1. Suppose we filter the range 19-33 for residues that are assigned to a loop (DSSP other than H, G, I, E, B) and charged (D, E, K, R); how many remain?
2. On the basis of being exposed (fewer than 10 other Cβ atoms within 10 Å of the Cβ), part of a loop (DSSP other than H, G, I, E, B), among the β-branched types (V, I, T) and modelled with pLDDT under 75, does I66 make the cut?
3. Have a look at I36, I16 and point out the one that is assigned to a helix (DSSP H, G or I), within 23 Å of the chain's Cα centre (by Cα) and modelled with pLDDT of 85 or more.
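The values are calculated or read from the model by the stated rules, or taken from the named source; none is laboratory data. From a predicted model like this one, the values you see are computed outputs, not experimental measurements. Note that each Cβ is placed from the backbone with ideal geometry, even for glycine, and that neighbours are counted across all protein chains shown.
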Amino acid sequence: MGIERQRPRHPAAQRILDDAAPEPGGLEGTADIRVIEAIQKSIRTGKAVRVPQAGSPWHPSLDQKIELPPVKASKMVNAESRRGSSGAYRRPTMLEMLGLKKPLPQISSASAK
């Protein structure tokens, strides 16, 4: 019988197990939503939008910093490289993403009626 090793828990999961308050809390979430809504309104109107302060002026501290080990690159299995001959990343075309070999026939608005 060997020693059972336990994977380190993510700090958020540990807080749930310890019945501790989540980080970030509701005030931070509310502030995030206000910023997102202000961005959307600014895009719609084309004007700057003032974001009201959400509750407490509290800010995270360095003791809340979470450091996780770097993610290891996984081995590609049955996958084509998206890097061209220059080594630069090449975005897949829509046809490639849909798994099609040739373009779909064009449908004109006149023939669609």
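1. Residues that pass the stated criteria total 2.
2. No: the conditions fail for I66.
3. I36
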